[in-house]
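One structure is given below, encoded as structure tokens.
The values are calculated or read from the model by the stated rules, or taken from the named source; none is laboratory data. The structure displayed is predicted, hence computed values, not measured ones. Neighbour counts are summed over all protein chains in view; Cβ atoms, including those assigned to glycine, are modelled from backbone coordinates with ideal geometry.
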Amino acid sequence: MATSKEVLGPTNSLRPGRPLDQDQLDSLRLDCQDQSPQEINYLCQLTAITHDALLQYYGKYIPCPKTHQEIFDRFIFAHPPVYRAFFDHWISSKITKTTTTHLEPGSKGLMRAFDVPEGHLVIGYIPDVWKELDEAKKIELTRSSGGIKKAKHFVYYLEAVFQIAHETVHLYQDHQALPLWFLECAAYFYTDKIIAKKKWASLKIPSCELPIKFYDFLITKHGAAVHQLCFGSPVTRKKTKKILSEMTPGIQALIFPTMRTEKK
Ligand SMILES: [Zn+2]
């Protein structure tokens, strides 16, 4: 397993303000990623299926669609200690007085997407959700899946699809132009829609419900312009202002109670 010192190697050579090129990403991947080729291949397939669904359902709002491989190449699936080291040594250096977060204070999160000027990549891990399930749920899933091994795999699959879909949406967004609340509501909304349309089961995360509802409200009120704004299709300044003005401090405190600037 790579150590935090090793993680520092390639990242030290990164220049701010541009996406990482393929060599830099591969170098970072060598340091951070220690899953088996089979695991990586499986995650690659899930990324392709998820991205394919996003393009199928919302592709008409995406002016510059990427290939499945282009999306997968931006992902670095690190193991938790490596991700945390990456967070301490690289992510922390990217945080400015205007960077916002909705993570609980002290939390490093699981996965984080960076916009083009910050390297244009996603780094993180698929959490072990199985161990967080209560015993009754484990028993139910084991019975319905036909064994504990299959049940564990099923839960891993659901969580991986959820994480990959969410971060894939982030890879299409302009993080500099849009506020974090909009980026997050959108990522939760499209993930939820992809899971529902593909008839994939959902692990139902309560904290996602309000962001999804609010984004749904924006679409009901402002129509396709909301999708266009999310994925970078042209939207007039007036319309953009109208959409973004729907979020008031009161609603934000309700939907994202921990949303704040990251650096004081
Ligand atoms: Zn997100």
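If you go through the stretch 164-199 and pick out every residue that is under 22 Å from C44 (Cβ atoms) and either acidic (D, E) or touching a Pro at 6+ places or on another chain (Cβ under 8 Å) (or both), you end up with 1. The residue of the stretch 99-139 that is surrounded by the fewest Cβ atoms within 10 Å (Cβ to Cβ), among those that are modelled with pLDDT under 90, part of a helix (DSSP H, G or I) and not β-branched (V, I, T), is E132. Residues in the stretch 105-119 that are more than 14 Å from the ligand (Cβ to nearest atom) and farther than 18 Å from R18 by Cβ: P105, G106.
Close contacts from the stretch 192-215, counting a first residue that is of a type outside the set (V, I, T) and a second that is at pLDDT 90 or above and loosely packed, with under 13 Cβ neighbours inside 10 Å, with Cβ to Cβ under 7 Å and a gap of 6+ residues or different chains, come to L210/L254. Looking across the stretch 235-262, the residues that are part of a loop (DSSP other than H, G, I, E, B), more than 18 Å from L103 (Cα to Cα) and either among the small types (G, A, S) or touching a residue at least 60 places away in the same chain (Cβ under 8 Å) (or both) come down to S245, M247.
Could you count how many residues in the stretch 195-205 are within 16 Å of the ligand (Cβ to nearest atom) and assigned to a helix (DSSP H, G or I)? Here the count works out to 1. Of all residues in the stretch 120-154, exactly one satisfies the criterion of being touching a Ser or Thr at 6+ places or on another chain (Cβ under 9 Å) and closer than 30 Å to P19 by Cα, namely V122. Y190 falls short of the stated requirement of being among the hydroxyl-bearing types (S, T, Y), farther than 23 Å from V129 by Cα and crowded, with 23+ Cβ neighbours inside 10 Å. Please work out which residue is nearest to the ligand (Cβ to nearest atom), limiting yourself to the stretch 151-194 and to residues that are in a helix (DSSP H, G or I) and charged (D, E, K, R). Among those that are in a helix (DSSP H, G or I) and charged (D, E, K, R), it is E184. Filter the stretch 206-248 for residues that are exposed (fewer than 13 other Cβ atoms within 10 Å of the Cβ) and farther than 16 Å from A186 by Cβ and give the result. P206, P234, T236, R237, K238, K241, S245, T248 - these are the residues of the stretch 206-248 that are exposed (fewer than 13 other Cβ atoms within 10 Å of the Cβ) and farther than 16 Å from A186 by Cβ. Of everything in the stretch 225-252 that is among the polar types (S, T, N, Q) and more than 25 Å from C64 (Cβ to Cβ), the residue that is nearest to the chain's Cα centre (by Cα) is Q252.
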